[in-house]
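Enquirer: Here it is, the structure in full.
The values are calculated or read from the model by the stated rules, or taken from the named source; none is laboratory data. Here the structure is a predicted model, which is why all the values come from computation and not from measurement. Please note: Cβ atoms are built from the backbone with ideal geometry, for glycine as well, and neighbour counts cover all protein chains shown.
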Amino acid sequence: MTTPSIDYFRLSPMLIVFGVAVVSVLVEAFVRPGARYRVQLSLSCAGIVAAMVALGFVANAASGDSPETRTLMSGAVLIDGPGLFVQAVVLVVSLGAVAFMGERRLDRVWASTEVRTAAGKPVAVGGPGESGTADDDLVADAFTPSGATVPGTADELAAGRAGFLTTEVYPLTLFAVGGMMLFGSCGDLLTMFIALEVLSLPLYVLCGLARRRRLLSQEASLKYFLLGAFASAIFLFGTAFAYGASASLSLRDLGESLETADDRTFAVIALTLITVGLLFKVGAVPFGSWVPDVYQGAPTPVTSLMASATKAAAFGALLRALHVGFPQLADTARPALWTIAIATMVIATVMAVTQGDLKRMLAYSSVSHVGFALVGAVTLSRDALSGTLFYIAVYAVSAFGAFALLSVVRDATGREETDLRAWAGLGRQHPLVGTMMSVLLLSFAGIPLTGGFIGKFAVFSAAGEAGAWPLVIVGVVCSAIAAYFYVRVIVAMFFADPPADTPAVVEPSLLTTVPIAISVGLTVALGVVPGWLLEVAHDVAVFLG
């Protein structure tokens with residue numbers, strides 16, 4: 001047995017994130033509650049920034065390294081262009097999501113004169129906030145003050161009045177981010193499964209910690225956990241068949257064995273099960289039925305993280321599996337993958353048209369963009385790979401900004417106002433919010449001078465050159481239909497009369513304002529001057545096989 005070499009320098013971005021996550025757990029244990037918030041927020045942001053700096057050094061060094069040098073841990077981790085690109089996307093949007101999690105101006109501790117215990121008995125509550133108005137002296141974030149309590153009970157209300165903050169969300173997020181970084185850089189299926197679990201388990205918990213609409217949040221957590229467990233089991237079952245087909249868990253060995261294999265039955269089964277498991281994670285139809293409910297019920301900072309970083313990481317793993325492990329089965333898999341891509345684009349677009357809730361509409365929009373990205377992912381060419389990488393980068397940035405922007409609009413009770421009818425006239429009353437949301441929606445629609453247009457053009461042109469014209473035609477038609485429900489929101493914001501109970505726009509702190517501004521700025525910049533990122537995506541679009 002050969003002892004695996006551990007190159008700490010090339011693993012440093014992931015090791016920094018995991019190391020800071022472990023330190024954050026210790027902070028929860030040893031730092032007094034009043035100081036945990038600032039320590040955890042500062043530590044998490046500093047850890048992600050340090051990982052970004054380390055990733056820059058690793059990427060600079062990797063350009064001149066040999067393939068053997070970039071193969072780490074006996075092939076379990078590969079430092080190649082697509083993996084580093086996905087890691088960069090994950091870190092950028094994760095930094096914004098972590099800062100957004102620390103926002104404390106948008107939520108206030110609300111109370112009512114009566115709450116009910118777990119047994120259903122009413123309990124009178126005294127103190128500030130009895131009238132149902134906000135307690136101005138108590139600040140809060142988007143997360144429940146006590147995740148272990150039953151929603152709506154006196155215990156949870158008392159924790160909110162005391163100003164408790166669920167600061168364990170920061171180590172949970174860091175563990176999830178570390179798993180996302182590893183997920184797209186795995187060289188064997190067992191490591192990929194471990195990364196899948198490391199990124200998924202914290203997200204299951206985070207989805208159930210919303211401060212408001214607690215039951216909806218817990219329902220989202222349960223649905224995500226159950227379907228995620230099915231996806232993990234399916235993926236692991238496919239891993240077993242892959243081992244039976246190649247006597248190895250390495251994606252490279254699997255791809256090489258298929259070149260000379262006479263019987264590919266086990267390999268076809270492995271491809272089916274592994275792809276299904278990964279399609280669950282990216283949220284493709286019919287495996288993405290969990291996406292609307294989970295995105296709607298989860299705390300908005302967690303939704304913004306899942307819609308951006310998690311999707312980028314999942315696409316990194318899917319692209320690696322298709323390009324490295326199963327390229328010899330491209331002809332066999334093409335009909336099924338084309339069907340899934342078409343169904344994802346069509347069904348998600350139609351469902352999005354029918355939504356009256358903006359958060360749910362953006363969730364279906366997220367599924368439709370998975371279909372657009374799959375157009376490039378299932379086209380096994382270098383141009384399609386580079387186009388897909390560019391697309392997921394642009395979408396991740398825009399999706400984070402859109403979900404974060406939803407959180408600043410509040411109804412009379414302090415909850416996020418996501419009803420489309422309530423957003424009528426919002427753009428005229430609050431031009432900055434309306435303009436930024438319009439820019440992001442136009443990017444989703446693929447309107448020129450936005451990053452979304454360049455991303456779709458890159459993916460569709462690469463697929464057309466590879467002969468996948470049916471996918472291109474369906475994609476263009478669905479993009480035209482999707483423009484309707486994006487433009488509908490813009491028309492409502494700027495041209496419709498406001499309702500009687502106009503929602504309020506709460507001014508957030510810099511923790512939310514800066515990430516949203518950067519998201520909108522990058523969306524426009526990647527539509528006006530996209531050449532630099534397109535060039536980077538093309539240069540790195542070679543897997544280390």
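Enquirer: Return only the number of the condition from (1) modelled with pLDDT under 95; (2) more than 27 Å from T71 (Cβ to Cβ); (3) within 15 Å of the chain's Cα centre (by Cα) that V302 does not satisfy.
Expert: Going through the list (1) modelled with pLDDT under 95; (2) more than 27 Å from T71 (Cβ to Cβ); (3) within 15 Å of the chain's Cα centre (by Cα), V302 breaks only (1).
Enquirer: For the condition of a type outside the set (D, E), at pLDDT 95 or above and buried (at least 24 other Cβ atoms within 10 Å of the Cβ), what is the one hit in V408, V394, V346? Reasoning before the result, please.
Expert: Working: V408 fails: at pLDDT 95 or above; V346 fails: buried (at least 24 other Cβ atoms within 10 Å of the Cβ).
Criteria check complete, one pass: V394.
Enquirer: Take the residues in region 475-513 that are among the β-branched types (V, I, T) and farther than 28 Å from K456 by Cβ, then tell me which one is surrounded by the most Cβ atoms within 10 Å (Cβ to Cβ). Explain how you work it out, then say what you get.
Expert: Here is the first cut: in region 475-513, the residues among the β-branched types (V, I, T) are 476-477, 481, 487, 489-491, 502, 505-506, 512-513.
Filter once more, keeping what is farther than 28 Å from K456 by Cβ: 502, 505-506, 512-513.
Values: T502: 17, V505: 16, V506: 17, T512: 25, T513: 16.
Per the criteria, the residue is T512.
Enquirer: Still on this structure, please answer the following. Residues being of a type outside the set (S, T, Y) and under 20 Å from T388 (Cα atoms): count how many of those fall in region 288-326.
Expert: Within region 288-326, the first condition is being of a type outside the set (S, T, Y), and the residues that meet it are 288, 290-294, 296-299, 301-302, 305-307, 309, 311-326.
Going one step further and asking which of them are under 20 Å from T388 (Cα atoms), we end up with 288, 305-307, 309, 311-326.
Adding up the residues that qualify gives 21.
Enquirer: Have a look at V291, V268 and point out the one that is under 27 Å from G178 (Cβ atoms) and either hydrophobic (A, V, I, L, M, F, W, C) or in contact with a Cys (Cβ under 6 Å, 6 or more places away or on another chain) (or both).
Expert: Numbers: V268 fails: under 27 Å from G178 (Cβ atoms).
None of the others qualify; the one that does is V291.
Enquirer: Just checking, does region 62-77 include any residue being surrounded by fewer than 13 Cβ atoms within 10 Å (Cβ to Cβ) and farther than 21 Å from C186 by Cβ?
Expert: Narrowing region 62-77 to residues surrounded by fewer than 13 Cβ atoms within 10 Å (Cβ to Cβ): 63-64, 66-68.
Checking the rest, the ones that are also farther than 21 Å from C186 by Cβ come to 63-64.
Scanning region 62-77 turns up at least one residue that is surrounded by fewer than 13 Cβ atoms within 10 Å (Cβ to Cβ) and farther than 21 Å from C186 by Cβ.
Enquirer: Between a first residue in region 489-504 that is without any contact (Cβ under 8 Å) to a residue 60 or more places away in the chain and a second residue that is surrounded by 17 or more Cβ atoms within 10 Å (Cβ to Cβ), which pairs have beta carbons less than 9 Å apart while being 6 or more apart in sequence or on different chains?
Expert: Note: pairs meeting the criteria are F495/A424; F495/G425; F495/G427.
Enquirer: Right, another one. From the list V528, V536, pick out the single residue that is surrounded by 14 or more Cβ atoms within 10 Å (Cβ to Cβ) and of a type in the set (A, V, I, L, M, F, W, C). Quick ask: steps written out before the conclusion?
Expert: Working: V528 fails: surrounded by 14 or more Cβ atoms within 10 Å (Cβ to Cβ).
Only one candidate qualifies: V536.
Enquirer: Taking the residues in region 260-285 that are among the aliphatic types (A, V, I, L, M) and part of a loop (DSSP other than H, G, I, E, B) as candidates, determine which candidate is surrounded by the most Cβ atoms within 10 Å (Cβ to Cβ). Break it down into steps so the answer makes sense when it comes.
Expert: As a first pass, look at region 260-285 and keep what is among the aliphatic types (A, V, I, L, M): 261, 267-271, 273-274, 276, 278-279, 282, 284-285.
Narrowing the set further to residues that are part of a loop (DSSP other than H, G, I, E, B) leaves 261, 284-285.
Numbers: A261: 15, A284: 28, V285: 24.
Among those that are among the aliphatic types (A, V, I, L, M) and part of a loop (DSSP other than H, G, I, E, B), it is A284.
Enquirer: Can you work out which of the residues in region 143-159 that are surrounded by fewer than 21 Cβ atoms within 10 Å (Cβ to Cβ) and of a type in the set (S, T, N, Q) is nearest to P33 (Cα to Cα)?
Expert: S146
Enquirer: Here are the criteria: (1) surrounded by fewer than 24 Cβ atoms within 10 Å (Cβ to Cβ); (2) in contact with an Asp or Glu (Cβ under 9 Å, 6 or more places away or on another chain). Tell me which single one P299 does not satisfy.
Expert: It fails just one condition, (1).
Enquirer: Now a separate question. From L318, L305, which residue is buried (at least 24 other Cβ atoms within 10 Å of the Cβ), free of Cβ contacts under 8 Å to residues at least 60 places away in the same chain and in contact with a helix residue (DSSP H, G or I) (Cβ under 9 Å, 6 or more places away or on another chain)?
Expert: On the way: L305 fails: free of Cβ contacts under 8 Å to residues at least 60 places away in the same chain.
Result: L318 is the single residue among L318, L305 that is buried (at least 24 other Cβ atoms within 10 Å of the Cβ), free of Cβ contacts under 8 Å to residues at least 60 places away in the same chain and in contact with a helix residue (DSSP H, G or I) (Cβ under 9 Å, 6 or more places away or on another chain).
Enquirer: Okay, next question. If you scan region 69-101, which residues turn out to be within 22 Å of the chain's Cα centre (by Cα) and of a type in the set (S, T, Y)?
Expert: S94
Enquirer: Another question, if that's okay. Just to be sure I understand, how many residues within region 477-524 are touching a Phe, Trp or Tyr at 6+ places or on another chain (Cβ under 7 Å) and either modelled with pLDDT under 90 or not hydrophobic (A, V, I, L, M, F, W, C) (or both)?
Expert: Adding up the residues that qualify gives 4.
Enquirer: Another question, then. Go through the residues of region 42-55 one by one and say whether even a single one is within 22 Å of S509 (Cβ to Cβ), of a type outside the set (G, A, S), at pLDDT below 95 and surrounded by fewer than 16 Cβ atoms within 10 Å (Cβ to Cβ).
Expert: Within region 42-55 (the criterion being within 22 Å of S509 (Cβ to Cβ), of a type outside the set (G, A, S), at pLDDT below 95 and surrounded by fewer than 16 Cβ atoms within 10 Å (Cβ to Cβ)), the answer is no, since none of the residues qualifies.
Enquirer: Considering only residues that are among the hydrophobic types (A, V, I, L, M, F, W, C) and in a loop (DSSP other than H, G, I, E, B), which ones fall in region 495-509? Full working, then the answer.
Expert: The initial filter retains those residues of region 495-509 that are among the hydrophobic types (A, V, I, L, M, F, W, C), namely 495-496, 500, 504-506.
A496, A500, V506 - these are the residues of region 495-509 that are among the hydrophobic types (A, V, I, L, M, F, W, C) and in a loop (DSSP other than H, G, I, E, B).
Enquirer: Taking A466 and the conditions (1) under 19 Å from V375 (Cβ atoms); (2) among the small types (G, A, S); (3) touching a Phe, Trp or Tyr at 6+ places or on another chain (Cβ under 7 Å), which numbered condition does it fall short on, given that it satisfies the others?
Expert: (3)
Enquirer: Against the condition modelled with pLDDT under 95, buried (at least 24 other Cβ atoms within 10 Å of the Cβ) and under 21 Å from F543 (Cβ atoms), how does L329 come out, does it pass?
Expert: Numbers: modelled with pLDDT under 95: yes; buried (at least 24 other Cβ atoms within 10 Å of the Cβ): no; under 21 Å from F543 (Cβ atoms): yes.
No, not satisfied.
Enquirer: Which residue is farthest from G527 (Cα to Cα), if the candidates are limited to region 426-455 and must be touching a residue at least 40 places away in the same chain (Cβ under 8 Å) and part of a loop (DSSP other than H, G, I, E, B)?
Expert: Within region 426-455, the subset touching a residue at least 40 places away in the same chain (Cβ under 8 Å) is 426-430, 433-434, 436-445, 448-455.
Next, from what is left, pick out any that are part of a loop (DSSP other than H, G, I, E, B): 430, 448-450.
Working: H430: 25, P448: 7, L449: 4, T450: 4 Å.
The selected residue is H430.
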